[in-house]
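Report on the following structure.
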Amino acid sequence: MALLSVTRRLKAAAAAIAVAAGGVAATAAPHGSEAQRADEYRVKAAMLVNFARFIEWPADVFSSPIAPFYVCVLGVDPFGGILDDSVKGHLVGGRPIQTRRIADVEPGCHVVFISGSERKRMSVLADRLRTTGALTVAEEEEFGAVGGMIQLFTDGDTIKFNIYPGSLEQSKLRASARLIALAANQKHMRGLR
Amino acid sequence: MKRWFEDAPIRWKLTVLMASTTALALALAAVALGTYEGATFRKALEQKLNVVAEIVGRNCKAALAFNDRSVAKDLLLALDAEPSIEAGAVFDKDDKLFATYVAAKTNVALPASPGEPGNRITGRRMIVVRPIVLDGETVGTVYVQSTLSELSSRMLVLAESRSSLSSAVR
């Protein structure tokens, strides 16, 4: 019964996200069936877009005011077509979003999701990506400690995130105070939860 | 009455005429003042509520985008600073209640959906509804409801001063 209700909630969350990346229902199960995994990554894809909406990049990062915004996946892609479906028709700072799959650090990416397949070289990648001015997101527990910017994790049936403003600043990225206030690691500091 | 007026000495007639003209002018001025006062108050309240709704809406964008109801609820608590606001709410993009605020000592029921965006006066309440837009997408709606009781109390003060003025004239 409990499993059924979780599945139902997941379906509702997936439906909500399918309509718009804004207004993510950040609810998904950590493990389970293929459908649950797809729902989890649908939520994470929408979160990647929403992170970008609350972070400021230096103006010189973009060649023109309408230059696309690139969301890249580094390593084995856990999203599949979900990422492309989630970003379709949505904007970040008025720019259309495009996706790219990369095998190594490349310039031109604004958000880089580092896949779990790159676990062993996470620290090196985080360091190199900081010099390109990209926002780095990963699911590894130690991501913050090795210089990553945002770590996604699952708590019960909710996907939460930790944010590391120090690493963001090093790349001249500015996170909105409203975004920081929602991060799990910052909430503990504020004594909210 | 008419007969009495015709028979009255000219000095009385003049006094009555002057007194009634003054009373009429005073009454007209009072009505005009009351109308002006009411309109100014409504306009000022409307502006204030618009600003409040805009601030709450902007602050709630991230909470809506990341589905964090507790943060939205915290942000709505700021409405407490404005005594005339009796309730407020944030609705998600499907017009479902996301977070609510009801002022202490009030017993106000919030609507199940925000209704059309804009400002409206219903009964003794002013309601402001504004969409919350993030990168061109409506991610939710902010709803702020204020009482017009301050207007009633101002009108009462005006009415009292009007009656004391007319008794003084008499």
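The values are calculated or read from the model by the stated rules, or taken from the named source; none is laboratory data. What you are looking at is a predicted structure, and each value in this text was computed from that prediction instead of being measured. Cβ atoms come from the backbone with ideal geometry, glycine included; neighbour counts cover every protein chain shown. Keep in mind that these areas ignore ligands, DNA and RNA; they rest on the heavy atoms of the full protein, side chains included. Shrake-Rupley method; radii C 1.70, N 1.55, O 1.52, S 1.80 Å.
Taking N as the number of residues in region A:111-178, what is its alpha-carbon radius of gyration divided by 2.2 N^0.38 Å? That works out to 1.05 for region A:111-178. Residue order by solvent-accessible surface for B:Met155, B:Met18, B:Met126 is B:Met18, B:Met155, B:Met126, largest first, with ligands and nucleic acids left out and a 1.4 Å probe. Computed 3J(HN,Hα) for region A:80-86, one whole-Hz value per residue from the Karplus formula 6.51 cos²θ - 1.76 cosθ + 1.60 where θ = phi - 60°, is x, x, 4, 4, 5, 5, 5, glycine and proline marked x. When only alpha carbons are used to place a centre, region B:1-40 and region B:49-91 end up 52 Å from one another.
Please report the carbon-and-sulfur percent of the accessible area for region A:109-152; probe 1.4 Å, protein heavy atoms only, DNA, RNA and ligands left out.
Numbers: 750 of 1620 Å².
Ligands and nucleic acids excluded, carbon and sulfur give 46 percent.
Interface of B with A. Using a 1.4 Å probe and counting protein heavy atoms only, the two chains hide about 1700 Å² of accessible surface, both sides summed. Checking the cross-link pairs A:Lys120/A:Lys160; A:Lys187/B:Lys73; A:Lys120/A:Lys172; B:Lys73/B:Lys93; A:Lys88/B:Lys93; A:Lys160/B:Lys73 against a 21 Å limit on the alpha carbon distance flags A:Lys120/A:Lys160; A:Lys120/A:Lys172 as lying beyond it. The mean number of partner chain beta-carbon atoms within 10 angstrom of a residue's beta-carbon across peptide B:64-75 is 6. For B:Lys2, a cut-off of 24 angstrom between C-alpha atoms picks up these lysines, skipping any fewer than 8 places away in its own chain: B:Lys13.
Applying both filters, DSSP loop and at most 14 other Cβ atoms within 10 Å, to the GluC sites (Glu not before Pro) of region A:86-193 gives A:Glu141, A:Glu142.
Per the Debye formula with a single identical scatterer at each Cα and no solvent contribution, what log10 I(q)/I(0) holds for the protein assembly as shown at q = 0.13, 0.14 Å⁻¹? Debye output, listed in q order: -1.02, -1.13. Within chain B, the proportion of Cα pairs with more than 27 Å between them is 45 percent. Across all directions, the average projected area of the convex hull around the alpha carbons of region A:56-172 is 7.3 nm².
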